[in-house]
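What follows draws every value from the coordinates through simple rules; no lab data is involved. Just so you know, these numbers come straight off a predicted model, no measurement behind them. Because the Cβ atoms are built from the backbone with ideal geometry, glycine has one as well, and the counts that use them run over all protein chains shown.
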Amino acid sequence: MDANKTAFNLKTLENTAAALRRNRFEAQVHATGEGAAAAVLALAAGGKRVGLGGSMTVEALGLPGKLAAAGCAVVTHKPGMAPQERREVWLAAQAADLYLASPQAVTLDGKLVFVDANGNRGAAVIYGPRKIVLIAGVNKLARDQEAGLWRARNVAAIANNLRLKKDNPCVRTGRCEDCASPARICNAVTLLWKKPSQSDVLVLLVNEELGY
Ligand code: SF4
């Protein structure tokens, strides 16, 4: 990327990290995804149980494989799991030592936006895991809550509909149609305005485009 744009993005990420800290979250800025992945691996050291929230950002950083190679127990659902098995995995992930996920948007005033089909991730990022680590590339920044919700539906959800081969109207029109489709993936909104009182939440902001 152009060096001036990279420097501008870094400054915006630092300002956003300061806003997150004002909202009582821990926040770090990493120049690269490699740096963010190293920070996660350091937190997971000692073979911790790590729950995953189904994140293309976590996948892009190669963290499932790196955590398993480091001796961690990775708790995540897999395609084709029966509903009861999936429920047990989701509840186990919510009780893990560490939980990794990525919001669809981080606002410039330090709020975190999640939109989910099922809500297991939304529940886990509020309360349960001993430590919650949320990773966001610079592409996830949004001006405010309204822009973050717009991004979640009109950018992230459409890319995820394509990835999951869902035949929802947004795939055809290229914008959220607030559909009534049974396959709709935008059912539950989680907004972290400030860190929930009893939860330990670290946000890793990365000066690279990661995930959707
Ligand atoms: S059209 Fe439906 S599935 Fe697509 S982004 Fe909007 S609410 Fe989500």
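Computing FRET efficiency as 1/(1 + (r/R0)^6) for Asp178 and Arg24, where r is the C-beta to C-beta distance and R0 is 22 Å, gives about 0.10.
Magnitude of the Cβ-charge dipole of segment 63-122, K/R +1 and D/E -1, about the Cα centre, nearest 20 debye? If you can, show how the numbers build up before the last one.
Values: 6 positive and 5 negative charges, 23 e Å.
Using only the charged Cβ atoms, the result is roughly 120 debye.
Using the Cβ of Cys179 as centre and a radius below 15 Å, the other residues enclosed give a net charge of +2, where K and R count +1 and D and E count -1.
Taking the DSSP bridge list for the chain and keeping only pairs wholly inside it, about 25 percent are antiparallel. Cβ crowding within 10 Å, taken as a proxy for footprinting-reagent exposure, orders Ile135, Ile126 from fewest neighbours to most as Ile126, Ile135. Over the residues of the chain, the helix contribution to mean residue ellipticity at 222 nm works out to -11000 deg cm²/dmol, using -39500 (n - 2.57) for each DSSP H run of at least 4. Place a point 7 Å from the Cα of Lys11 along the Cα-to-Cβ direction; which residues of segment 196-212 have their backbone N under 19 Å from it? Of the residues in segment 196-212, 206-208 have backbone N under 19 Å from the label point off Lys11.
Cross-link pairs exceeding 22 Å between alpha carbons, from the set Lys11/Lys66; Lys5/Lys66; Lys166/Lys194; Lys5/Lys140; Lys48/Lys140: Lys11/Lys66; Lys5/Lys66; Lys166/Lys194; Lys48/Lys140. With neighbours defined as other Cβ atoms within 10 Å of a residue's Cβ, the residues Asp200, Asp167 order from fewest to most as Asp167, Asp200. The residues neighbouring Gln94, those whose beta-carbon lies less than 12 Å from its own, together hold a net charge of +2 under the Lys/Arg +1, Asp/Glu -1 convention.
Mind putting a number on the dipole of segment 6-112 about its Cα centre? Charges go on the C-beta only, +1 for Lys and Arg and -1 for Asp and Glu, and I need it in Debye to the nearest 20. Working shown, then result.
Values: 11 positive and 8 negative charges, 36 e Å.
Here the size comes out at about 180 debye.
The dipole here belongs to segment 3-206: it is taken about the Cα centre, uses +1 on the Cβ of Lys and Arg and -1 on the Cβ of Asp and Glu, and is about 80 debye.
Stretching the chain fully between Leu162 and Ala95 yields a gain of 21.0 nm (0.36 nm per residue, less the alpha carbon separation). Separation of segment 45-69 from segment 79-106 is 12 Å, based on Cα centroids. Note on Lys195: aspartates and glutamates with a C-alpha under 12 Å away, same-chain residues under 8 apart excluded, are Glu26. Between Tyr127 and Ala188, the contour length at 0.36 nm per residue exceeds the Cα-Cα span by 20.4 nm.
Taking every alpha-carbon pair under 8 Å whose residues sit at least 6 apart, the chain reaches a relative contact order of 29 percent. Relative contact order, whole percent, for segment 1-124 stands at 28, derived from Cα pairs under 8 Å and 6 or more residues apart.
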